[in-house]
Each structure stands twice: as C-alpha cells, then as structure tokens.
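Shown next, in structure tokens, is the structure this report addresses.
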Amino acid sequence: MKKFGKIVLEYFEDANKNNLIEKDQIYNVRYLMGEINRRIGNVEKANKIFDEVISETKDDKNEEKIYQIAFQQRFSPKEDIG
C-alpha cells in the first residue's frame, strides 16, 4: 500500500495544486488524500488534511457525509467504513 499510496498522492497533490479537480469533487479528493496519508503512516499530515476538510464542510448540508467520514477518520479511525 505504501508504494502505491505515494504514487496516488502525487497525482492527487498535482491535480489539486493545478486546479484540475472538479469543484464538486474537491472535498472527496482531499478526504482521500488524508486517508491515504493515514494508511501509509503520515498521520500528522493526514490529520491536518482531515481538519481542513472538517472545517470547510461543517456547515454545508451538501457535504454532510464527507464531513462525517473525515471527522471519524480524524478522531476514531477505522479500516472499514460502513
């Protein structure tokens, strides 16, 4: 997971930096960046990303699900989310 996680993160980070992510998908991608970082052991970076997603989606009813998942993975991570 670590090798491929790093490869995927590079693509996500590049796409995010170059504004290539659709506006309606930005929080999903940023959440995934946090989750991949968490799974490859970059917990501090993951928590920073989760905190940003939580902060930016907390009052948006359209982003309620991503808020809940980011909150869970930030404060009580699970390997399987259901």
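The values are calculated or read from the model by the stated rules, or taken from the named source; none is laboratory data. Just so it is clear, the model here is predicted, and its values are computed rather than measured. Neighbour counts are summed over all protein chains in view; Cβ atoms, including those assigned to glycine, are modelled from backbone coordinates with ideal geometry.
Working only within the stretch 16-36, note down all residues that are surrounded by 14 or more Cβ atoms within 10 Å (Cβ to Cβ) and modelled with pLDDT of 95 or more.
Answer for the stretch 16-36, where residues must be surrounded by 14 or more Cβ atoms within 10 Å (Cβ to Cβ) and modelled with pLDDT of 95 or more: Ile21, Ile26, Tyr27, Asn28, Val29, Arg30, Tyr31, Leu32, Met33, Gly34, Glu35, Ile36.
Among the residues of the stretch 53-82, how many are outside any helix (DSSP H, G or I) and surrounded by 12 or more Cβ atoms within 10 Å (Cβ to Cβ)?
2
In the set Ile36, Ile69, Ile54, Ile49, which member is in contact (Cβ under 8 Å) with a residue 12 or more places away in the chain and touching a Leu at 6+ places or on another chain (Cβ under 6 Å)?
Of the residues listed, the single one that is in contact (Cβ under 8 Å) with a residue 12 or more places away in the chain and touching a Leu at 6+ places or on another chain (Cβ under 6 Å) is Ile36.
When you go through Gly5, Gly34, Gly41 one by one, which is the residue that is small (Gly, Ala, Ser) and in a loop (DSSP other than H, G, I, E, B)?
Answer to the selection: Gly41.
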